[in-house]
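Just below is one structure, and these are the notes that go with it.
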Number of protein chains: 4
Amino acid sequence: MVTEPNNWGRFGPDDQRGTLNLLTPATVLAALASAATGQVISLAMPIRGATSSAAPTTVPHLRGRPLPQHFMSVDGGDYAAGTRPVGAGLRVADDAVIVTHHGTTTHMDALCHMWSGEELYNGHPAARVRSYGAARCGIETVGGVVARAVLFDVPRHLGLDHLPVDFRISAGLLREIHDDVRPGDVAVVRTGWPLVWDSSPEEYWSGQPGLSAGAGRWLASRDVAVVASDNAAIGGLNARQLADEGLEDDLHMILLWRHGVHLAEMLRLEELGAACAGRAGKDFVFVAAPLRIEGGTGSPINPLAIL
Amino acid sequence: MVTEPNNWGRFGPDDQRGTLNLLTPATVLAALASAATGQVISLAMPIRGATSSAAPTTVPHLRGRPLPQHFMSVDGGDYAAGTRPVGAGLRVADDAVIVTHHGTTTHMDALCHMWSGEELYNGHPAARVRSYGAARCGIETVGGVVARAVLFDVPRHLGLDHLPVDFRISAGLLREIHDDVRPGDVAVVRTGWPLVWDSSPEEYWSGQPGLSAGAGRWLASRDVAVVASDNAAIGGLNARQLADEGLEDDLHMILLWRHGVHLAEMLRLEELGAACAGRAGKDFVFVAAPLRIEGGTGSPINPLAIL
Amino acid sequence: MVTEPNNWGRFGPDDQRGTLNLLTPATVLAALASAATGQVISLAMPIRGATSSAAPTTVPHLRGRPLPQHFMSVDGGDYAAGTRPVGAGLRVADDAVIVTHHGTTTHMDALCHMWSGEELYNGHPAARVRSYGAARCGIETVGGVVARAVLFDVPRHLGLDHLPVDFRISAGLLREIHDDVRPGDVAVVRTGWPLVWDSSPEEYWSGQPGLSAGAGRWLASRDVAVVASDNAAIGGLNARQLADEGLEDDLHMILLWRHGVHLAEMLRLEELGAACAGRAGKDFVFVAAPLRIEGGTGSPINPLAIL
Amino acid sequence: MVTEPNNWGRFGPDDQRGTLNLLTPATVLAALASAATGQVISLAMPIRGATSSAAPTTVPHLRGRPLPQHFMSVDGGDYAAGTRPVGAGLRVADDAVIVTHHGTTTHMDALCHMWSGEELYNGHPAARVRSYGAARCGIETVGGVVARAVLFDVPRHLGLDHLPVDFRISAGLLREIHDDVRPGDVAVVRTGWPLVWDSSPEEYWSGQPGLSAGAGRWLASRDVAVVASDNAAIGGLNARQLADEGLEDDLHMILLWRHGVHLAEMLRLEELGAACAGRAGKDFVFVAAPLRIEGGTGSPINPLAIL
């Protein structure tokens, strides 16, 4: 079925890092030169975990997914109610967080997150992805991403607040915005779709704009290390929250599975978009450091742009 | 009781970021120049969350703390057992993670994590730290840390594998290792104590070496933005896993509470120590991006050193 | 404001069990005589915790509440994928469950769940209910409920499938259905509202029928031990999922807070209703055994009716 | 390997309930007659979930297992710190609980919990036990257990506080204590081992006394519905927390897998033992109602004895 071969062996038969291998020290050093002003912008959505309030539902997420939960196991309220300090007067707040990151918050996908048939990216056996974690291609193989990045601010380029729900971004449009994409780059694609959430969660859930298969293939051909977007699945989604494309054209199959390109999804790109508005075409430094969850299918992240 | 005043108002009465305010764009830009080779080293311990195995207990942690848990909600095993692919053939692995970071894994403390009396750092009311999160000084105020860093590899300096359990690092010793500490720096302090874990968890739990009060005051006087260490509490711990110092000399009180210095604990510094061995005195870039947990007392992190 | 006094001291100043004190051994023994056929019916809704599917959303719940999550930490799929058996051939499935029971599944409320002012039921200080649990009136004080029960099948009595959304059940209507209510009884009130879920979650969320304040006062005056219902809050709810009544007439205030009557909510009563249809007025045995969560505000339960 | 056949088809080829099928209405009705005084005793250990204290570690559990966690999402401390009441004055405490019940608290095992080869109890395919739950033999098939029970208080019979660590209870000893075991009964076996916890967790972890294979076979031959004990695995455990027996003699294989006997473990039997001391040989009513977790491998329970 799949006519485009899985990218086996490109970085050697044991490779579990995909195009992240392109992030050599020399590339990292060159990437740091993209910083022009030193302004640091967080590209993460907030995690609002208040279990007994509506707070978590105010952040964009896919319908039906278990939202992050955040619990304090001791806090200032307890001391106000009479809890004794520790020792001579220390007071402490402690907490716990439960996160199911796919579809609920800003995160990076590991190469074990999606596949077809019996093999993950690079021929690693999918049967090694088990209840106690992925013994192949887990998120802990990422280490950290420090790379040159370019922003494709598609709605701004088109004079829109955000892309329409069924908009699929073509390779041509990407090239029109920014043609200087280099091996090891992070392609940051803004759709503006999270803006829809504030006016209507129902509209947010009616589908999502995203990359076309052609755009995905073009980015893969440019050997980007990571594709990051403010939508939930890099490609577009229909009203059932699924991709419309067949297996051949599915963006996760093209990028993650066949080419070993890591994906970062559900970023918050409004502040970055505004900051880059006056400097079209300029690159910047992108840093993402997923938690070292052994065997994780991904991790919540707080990606940083250093302008 | 507290004779050394809380650092109120230093960055203005509403400041919730402490010395992170020193990380101006200009400082960040200057920090990036510390990168010499572009080598990126992750400073995080692995999160081993396999609930039905002994895996989590193989990673250093404070005794009795709830260890991270990691669950797959669908994985390759399910497909091996007959689960049908999504649509035309997509297969997916999805997971969830539960983390109580203090004492269990590499993390950063928010300024709301510890205090004395009724006020957090900078006079913010401790009563605003409640079950649904800290409305003041939460971890989401950090954004991201991109800074110049210096490594104090204390055991290597002393010709030891790791410091003895009751070793308290003096200000003089720090200065002897590295006197060029600048405002906005990250002071990374290696004790080597995690090495003890592999031979004996019981010995690991017998106490911990750490900074003396004097060393904490010296770092604060140098206006460091962050103090990061491979021990669990920056200061030392006794066999009951508590600090021996009184409130006046407690490292969290000195750094976090009085001076607004963020703390990063339980780092993995072995690889960094080895890499820096031949380049004593050299600085590097430190990046940490805590999850944007609104009202969090901290966050698990995967700090990166860019050499 | 509150003109009806909190039921302080009725069972003595230290009482944390409310009307459950009425369940003396003699009462329990008498209650067992209510069993006529030995048929056991579970009154619990299923807990569908599949995190990566829509399963949990197919069970009635209040909008926006964190649904139960259920994770397997090892399962048959892992063995199908090659996991080695334990020892000579043992295979095992293990799991974990996360439950926030209020509003999401069948549960019992502890007496610490709701109050007004500074005091819980019976004058216990509300300040003892802290982040690490309720030191007063927690669910662990319940032990177990074994009691005579009567079913008020209100829609069946009225010839309806379920009550309309704004129906408030009067004391007179309860009495009309079943006047022989005795001290220590469990009053089981069927509204049929969960049936609405299957046709439309949106309609389910548009409000809920429930007891009127008068009905609550009547049940309290009859010294029932527990009021159990298939709705989410014993009283009715409006479209914002809140009670319309003021503090004086709030069902939780009347029953739980003032009279120490435990509440069981979100029961599944369809099977019981059908089984009791031909035996109107007959009593049965009700058993509920909340988990002994120290300081819990309640517990998920699987209540049993023994007919 | 297994010479004793799996109990396939005893209750029909689709049976997922094992010997619980013996709990017919007539049997339940007869069982209720075992109640003599109406005294209700909870047989559950407390769930101490305070995450920031040592509380959970004070309850017996297998070493290394993730202990229950209990979080308040709003509590009295929050109101003491200034949280505004709901509406006209309602205050509320809400919480969440995370439980991995095997090895940590009083629980019942589902028939899908353990097996050998490719098939669960009664030939159900083990491949149907997947990450999203067991589609066969899950805990939700139990409904509720209401049965006659007999207590084998082995240490009291032998004049001991608790059995020695390597004591394996023989069939003869069980018969000596209580020979009148009937089909559908619950056999409650007290070892007293939890008493060891209070003096020394290390001793508790050094192994556990339990049933011998012969005793398991004898109980199975008597068609008991459930075997319940205060130890962690019905059979004994060695210092590695594993059974010493081979597959043939493993208690879970004999009872759960081959004969469909449900197991309840880690009960608290001290109070029951004392209450039954003067009434040796007398039966009582046992009630357990596991949460209806669809596809669960078991459930935390609060079993009740009605004397």
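The values are calculated or read from the model by the stated rules, or taken from the named source; none is laboratory data. What you see is a predicted model; the values in this text were computed from it and never measured. Here Cβ is always computed from backbone atoms with ideal geometry, including for glycine, and neighbour counts include all displayed protein chains. Remember, those area values only see protein heavy atoms, side chains included, never the ligands or the DNA or RNA. Shrake-Rupley method; radii C 1.70, N 1.55, O 1.52, S 1.80 Å.
Yes or no, residue by residue, for (1) free of Cβ contacts under 8 Å to residues at least 12 places away in the same chain; (2) in contact with a Cys (Cβ under 7 Å, 6 or more places away or on another chain); (3) farther than 23 Å from B:Ile301 by Cα; (4) of a type in the set (Phe, Trp, Tyr):
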| position | (1), (2), (3), (4) |
| --- | --- |
| B:Gly103 | no, no, no, no |
| B:Met108 | no, no, no, no |
| B:Cys112 | no, yes, no, no |
| B:Glu119 | no, no, yes, no |
| B:Pro125 | yes, no, yes, no |
| B:Arg128 | yes, no, yes, no |
| B:Glu140 | no, no, no, no |
| B:Asp153 | no, yes, no, no |
| B:His162 | no, no, yes, no |
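If only residues of region D:110-169 that are among the charged types (D, E, K, R) and within 16 Å of D:His262 (Cα to Cα) are counted, the one that is farthest from the other protein chains (Cβ to nearest Cβ) is D:Arg148.
Using the structure shown, decide if D:Ile169 is assigned by TED's automatic domain parsing to the domain that holds D:Leu267, touching a helix residue (DSSP H, G or I) at 6+ places or on another chain (Cβ under 9 Å), open to solvent by less than 10 Å² (accessible area, probe 1.4 Å) and modelled with pLDDT of 95 or more. Criteria met by D:Ile169.
Residue by residue, here is whether (1) in the same structural domain as A:Arg136 (by TED's automatic domain parsing); (2) free of Cβ contacts under 8 Å to residues at least 24 places away in the same chain; (3) of a type outside the set (Ser, Thr, Tyr); (4) farther than 30 Å from A:Arg240 by Cβ holds:
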| site | (1), (2), (3), (4) |
| --- | --- |
| A:Phe11 | no, no, yes, yes |
| A:Ala31 | yes, no, yes, yes |
| A:Thr37 | yes, no, no, yes |
| A:Val40 | yes, no, yes, yes |
| A:Arg63 | no, no, yes, no |
| A:Tyr79 | no, yes, no, yes |
| A:Pro85 | no, yes, yes, yes |
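Identify all residues within region B:187-204 that are under 19 Å from B:Pro155 (Cα atoms), touching a residue at least 12 places away in the same chain (Cβ under 8 Å) and not small (Gly, Ala, Ser); write none if there are none. The answer is B:Val188, B:Val189, B:Arg190, B:Thr191, B:Trp193, B:Pro194, B:Leu195, B:Val196, B:Trp197, B:Glu203, B:Tyr204. Might you let me know whether region D:157-165 holds any residue that is among the small types (Gly, Ala, Ser), open to solvent by 20 Å² or more (accessible area, probe 1.4 Å) and on the phi > 0 side of the Ramachandran plot? For region D:157-165, residues among the small types (Gly, Ala, Ser), open to solvent by 20 Å² or more (accessible area, probe 1.4 Å) and on the phi > 0 side of the Ramachandran plot: present. The sole residue among B:Arg91, B:Arg65 that is open to solvent by 10 Å² or more (accessible area, probe 1.4 Å) and part of a strand (DSSP E or B) is B:Arg91.
A:Asp230 - would you say it is more than 17 Å from the chain's Cα centre (by Cα), at pLDDT 95 or above and crowded, with 24+ Cβ neighbours inside 10 Å?
Criteria not met by A:Asp230.
Being within 28 Å of A:Pro60 (Cα to Cα), of a type outside the set (Asp, Glu), touching a Gly at 6+ places or on another chain (Cβ under 9 Å) and open to solvent by 30 Å² or more (accessible area, probe 1.4 Å) is the requirement here; does A:Val154 meet it? Criteria not met by A:Val154.
Scanning region C:267-307 for residues that are more than 7 Å from chain D (Cβ to nearest Cβ), among the basic types (Lys, Arg) and in contact with a helix residue (DSSP H, G or I) (Cβ under 8 Å, 6 or more places away or on another chain) gives C:Arg268, C:Lys282. Looking at the structure I just gave you, is A:Arg84 more than 7 Å from every other protein chain (Cβ to nearest Cβ), surrounded by fewer than 24 Cβ atoms within 10 Å (Cβ to Cβ) and closer than 26 Å to B:Ala110 by Cα? The answer is yes for A:Arg84.
Taking region B:99-142 as the search range and keeping residues that are among the basic types (Lys, Arg) and either under 12 Å from the mean Cα position of the chain (by Cα) or under 21 Å from A:Pro68 (Cα atoms) (or both), which one is least open to solvent (accessible area, probe 1.4 Å)? Per the stated criteria, the residue is B:Arg130. When A:Thr106 is tested against (1) at the interface with chain B (Cβ under 7 Å from one of its Cβ atoms); (2) under 25 Å from A:Ser229 (Cα atoms); (3) among the hydroxyl-bearing types (Ser, Thr, Tyr), exactly one condition is not met: (1).
Listed here are the strands (runs of 3 or more DSSP E) enclosed by region B:186-287 that have at least 3 residues being closer than 16 Å to B:His102 by Cα: B:226-229, B:262-265.
Might you check whether a residue that is under 28 Å from C:Val40 (Cα atoms), more than 11 Å from chain C (Cβ to nearest Cβ) and open to solvent by 20 Å² or more (accessible area, probe 1.4 Å) occurs anywhere in region D:243-266? Please lay out each step first, then the result.
Applying the first criterion (under 28 Å from C:Val40 (Cα atoms)) to region D:243-266 yields D:252, D:254-266.
Among the residues that remain, those that are also more than 11 Å from chain C (Cβ to nearest Cβ) are: D:254-255, D:258-266.
Add one more test, that the residue is open to solvent by 20 Å² or more (accessible area, probe 1.4 Å), and what stays is D:259.
Checked region D:243-266: at least one residue is under 28 Å from C:Val40 (Cα atoms), more than 11 Å from chain C (Cβ to nearest Cβ) and open to solvent by 20 Å² or more (accessible area, probe 1.4 Å).
Comparison of B:Val146, B:Val142, B:Val181 shows that the only residue that is touching a helix residue (DSSP H, G or I) at 6+ places or on another chain (Cβ under 9 Å) and under 15 Å from B:Leu219 (Cα atoms) is B:Val181. When region C:245-263 is filtered for residues that are at pLDDT 95 or above, touching a strand residue (DSSP E or B) at 6+ places or on another chain (Cβ under 9 Å) and not aliphatic (A, V, I, L, M), the ones remaining, listed by number, are C:Asp249, C:Asp250, C:His252, C:Trp257, C:His262. Filtering region D:36-62 to residues that are closer than 14 Å to D:Thr100 by Cα and not in a loop (DSSP other than H, G, I, E, B) leaves D:Ile47, D:Pro56.
Test of understanding: among B:Ala31, B:Ala50, B:Ala36, B:Ala26, which residue is open to solvent by less than 20 Å² (accessible area, probe 1.4 Å), within 13 Å of chain A (Cβ to nearest Cβ) and at pLDDT 95 or above?
Details: B:Ala50 fails: at pLDDT 95 or above; B:Ala36 fails: open to solvent by less than 20 Å² (accessible area, probe 1.4 Å); B:Ala26 fails: open to solvent by less than 20 Å² (accessible area, probe 1.4 Å).
After applying the criteria, what remains is B:Ala31.
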